[in-house]
Amino acid sequence: MKSLEVGKVMRKFNKPPLETVTASKKYEQAAEYFLRREFVSEQEKKAVLLVKRLQQLGYESYLVGGYVRDIMLGLEPKDIDIATAAPPEKVIEMARQSGLKVIEQTENEIKNKVVRVVVQNDAFEITTFRKESNYKDGRRPSQVSLATSAFEDAKRRDFTFNALYFDPQDKRVIDFFGGLSDLENKILRFVGEPEKVATSQKEVAYERIVDEDHLRILRAVRFAARFGLEIDPGAEEVIRENAHLLKEISAERARDELDKMFLHSTRDRALEQLDNLEILPQVLPELTKMKGVEQPVEFHQEGDVWTHTKLCFASLEKVFTEENEGKVDREVIWGVLLHDVGKPDTFSYKEGDRIRFNNHDKVGGEKTKQILKRLRFPRHFIEKVVWLVEKHMFARNFDKMRPAKRQRLALEPLMPKLLMVMKADLYGTEPQQLEFFDQAKQLYLEAKAKGLAEQTLHSAEIVSGKDIMAKFGIKSGIKVGILKELARNAFLIDMVKDKEEALLWLEKNLAKIDKLIEKYPQDTWRSRDKREEALDEILQKLK
């Protein structure tokens, strides 16, 4: 294959002759940039070295996929993958002869002909050209075999813009299916037989989604949202009609795709696409129940719960910029998405009153737990998001809390995340009453400045359980914990100044404390929220 002139793209068809297609002016410029650019990053230089070594051994080899796509879009590439005609054993042999480390292959990598080679701390996936067949379960191919050419390898890829190959030795871009023009025209198409890709996309998409991998439904949404593409009408029809097939894929695979699309700044566009393509009822049916659930117009002039949730979700990039130095926070994203998931089940309205959603935060917390468990999120992640959902109304009432309760909340490691959830909630509300956020944040910062941040928690535990047992001659149990927490709370609001004063204060009030404790049911002390409320009430009576 001859090297192309700068600004031209090679499109290869299944049968000869080869056809050279000149891209439009915009993509002439992009191709020119790509073909002439320096491999500025050390990672790129290492990848090019691997490609050239494989080519020197006589194997067709390219930089491929997302790397080429990102360069053509003017984006900085993150991952650099290599595709080659060299079988895995030859790739391993080349690497070892070059003094490079080969990472031990997993079972999945062996099946998919993938070898990971490390060049000075950068790992590269080198995949042998392959063909896939027999998608019996709509998930993964049961058969993976070696392909004889890059074209056969490209046919297994999902979208046209992910089937681009670049030869750094001969400086040529190979485009088998019109991926470059699809990027220029802002359209997402599935890979298929070249003559059918543009003219029979419905047929092509059906084959790639229904007959092969159902997860491509979510991948189409993710890529369309990320790169601002419109899905080809034929492919869109197939997606909408077959969204139900997502129930046949594993929860983990669906979770990972949702996570990727929501972690990106185009998350609101992805959510809109999930809704428009009728995918939402298959993956997050709880969100569809928000539609048409009216809210009190006094506080929510923006519309129903679904409209409010979308506006909150769309504000997240702004919130991360203002409150988190631009860093994306996964727990906050899911917390904002699900913060009002309890509203549909708690909606109530009585004549002469306004619409209410009593306990929607608690109900929402339980629903959030069910949703995230269904999607197989890790337990520690679920616990944090549930906490954010259950507490998302707390910050609004920060100023009304008793000092001890406010100070305890300020010590929570998740409090900065809760403030971000609150701010997104307010951004998604009309009228926007951001003074609530400013007040809550100021109170939080004041608490932090007084030494009530997480790092001073140990100094706030002014007496230990051992101190209490030695002082009052009691055995370890619930009472010891109650006395310790009362002493700590008294210290936090300056009722006592040190350990000695705390023990004297407990001794002076012990009889009264015992009587107050008896008034509460035993299960009070086993529930964190009930326990904190009871301790606050007891402390108020001891002032």
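The values are calculated or read from the model by the stated rules, or taken from the named source; none is laboratory data. These numbers come from a predicted model, not from an experiment. As a convention, Cβ positions derive from the backbone with ideal geometry for all residues, glycine included, and neighbour counts pool all protein chains shown.
Of the residues 268, 256, the single one that is free of Cβ contacts under 8 Å to residues at least 24 places away in the same chain, of a type outside the set (A, V, I, L, M) and part of a helix (DSSP H, G or I) is 256.
Scanning the range 229-253 for residues that are touching a residue at least 40 places away in the same chain (Cβ under 8 Å) and farther than 30 Å from residue 381 by Cα yields 229, 230, 231, 232, 235, 236, 239.
Within the range 232-245, can one find any residue that is closer than 30 Å to residue 320 by Cα, in contact with a Leu (Cβ under 8 Å, 6 or more places away or on another chain) and either not in a helix (DSSP H, G or I) or not hydroxyl-bearing (Ser, Thr, Tyr) (or both)?
No, the range 232-245 contains no residue that is closer than 30 Å to residue 320 by Cα, in contact with a Leu (Cβ under 8 Å, 6 or more places away or on another chain) and either not in a helix (DSSP H, G or I) or not hydroxyl-bearing (Ser, Thr, Tyr) (or both).
Residue under question is residue 307, and the condition is that it be in a helix (DSSP H, G or I), β-branched (Val, Ile, Thr), under 29 Å from residue 241 (Cβ atoms) and assigned by TED's automatic domain parsing to the domain that holds residue 436; does it hold? Yes, satisfied. Taken together, the criteria place residue 305 among residues that are surrounded by 18 or more Cβ atoms within 10 Å (Cβ to Cβ), farther than 19 Å from residue 216 by Cα and without any contact (Cβ under 8 Å) to a residue 40 or more places away in the chain.
Looking at the range 81-92 only, could you name the residues that are among the charged types (D, E, K, R) and in contact with a Leu (Cβ under 9 Å, 6 or more places away or on another chain)? Please lay out each step first, then the result.
So the first thing to find is which residues in the range 81-92 are among the charged types (D, E, K, R), and the list is 81, 89-90.
81, 90, listed by residue number.
Residues of the range 59-73 that are at negative phi, outside any helix (DSSP H, G or I) and not polar (S, T, N, Q): 59, 60, 62, 63, 64, 73.
Flag set for residue 272, criterion: modelled with pLDDT of 95 or more and either outside the structural domain of residue 161 (by TED's automatic domain parsing) or in contact with a strand residue (DSSP E or B) (Cβ under 6 Å, 6 or more places away or on another chain) (or both). Take residue 180 and tell me if it is crowded, with 23+ Cβ neighbours inside 10 Å, under 31 Å from the mean Cα position of the chain (by Cα) and farther than 20 Å from residue 276 by Cβ. Spelling it out, residue 180 is indeed crowded, with 23+ Cβ neighbours inside 10 Å, under 31 Å from the mean Cα position of the chain (by Cα) and farther than 20 Å from residue 276 by Cβ. Those helices (runs of 4 or more DSSP H) of the range 171-223 that lie entirely within it include none in which at least 2 residues are of a type in the set (Phe, Trp, Tyr). For the range 103-124, a residue qualifies if it is part of a strand (DSSP E or B) and either on the phi > 0 side of the Ramachandran plot or surrounded by 17 or more Cβ atoms within 10 Å (Cβ to Cβ) (or both), and the qualifying residues are 114, 115, 116, 117, 119, 124. Restricting attention to the range 350-405, the residues that are small (Gly, Ala, Ser) and within 30 Å of residue 246 (Cβ to Cβ) add up to 2.
Per the listing 292, 326, the residue uniquely within 15 Å of residue 423 (Cα to Cα) and free of Cβ contacts under 8 Å to residues at least 24 places away in the same chain is 326. Tell me yes or no: at least one residue of the range 493-507 is part of a loop (DSSP other than H, G, I, E, B), under 18 Å from residue 407 (Cβ atoms) and among the β-branched types (Val, Ile, Thr). Within the range 493-507, one or more residues are part of a loop (DSSP other than H, G, I, E, B), under 18 Å from residue 407 (Cβ atoms) and among the β-branched types (Val, Ile, Thr).
Against the conditions (1) part of a helix (DSSP H, G or I); (2) at pLDDT 80 or above, residue 458 satisfies every one except (2).
Would you mind stating whether residue 408 is in contact (Cβ under 8 Å) with a residue 24 or more places away in the chain, surrounded by fewer than 16 Cβ atoms within 10 Å (Cβ to Cβ) and over 23 Å from the mean Cα position of the chain (by Cα)? For residue 408, the condition - in contact (Cβ under 8 Å) with a residue 24 or more places away in the chain, surrounded by fewer than 16 Cβ atoms within 10 Å (Cβ to Cβ) and over 23 Å from the mean Cα position of the chain (by Cα) - is not met. Here residue 479 meets the list (1) surrounded by 17 or more Cβ atoms within 10 Å (Cβ to Cβ); (2) modelled with pLDDT of 80 or more; (3) within 24 Å of residue 401 (Cα to Cα) almost entirely, failing just condition (3). I'd like to check something: does the range 292-302 contain any residue that is surrounded by 15 or more Cβ atoms within 10 Å (Cβ to Cβ), at pLDDT below 95 and among the charged types (D, E, K, R)? The answer is yes; a qualifying residue exists. Within the range 515-536, the set of residues being loosely packed, with under 12 Cβ neighbours inside 10 Å and either part of a helix (DSSP H, G or I) or touching a Ser or Thr at 6+ places or on another chain (Cβ under 9 Å) (or both) comprises 515, 518, 522, 523, 526, 528, 529.
Here is a yes/no grid of residues against (1) modelled with pLDDT of 90 or more; (2) in a helix (DSSP H, G or I):
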site: 350; (1), (2): no, no
site: 363; (1), (2): yes, yes
site: 377; (1), (2): yes, no
site: 385; (1), (2): yes, yes
site: 395; (1), (2): no, yes
site: 408; (1), (2): no, yes
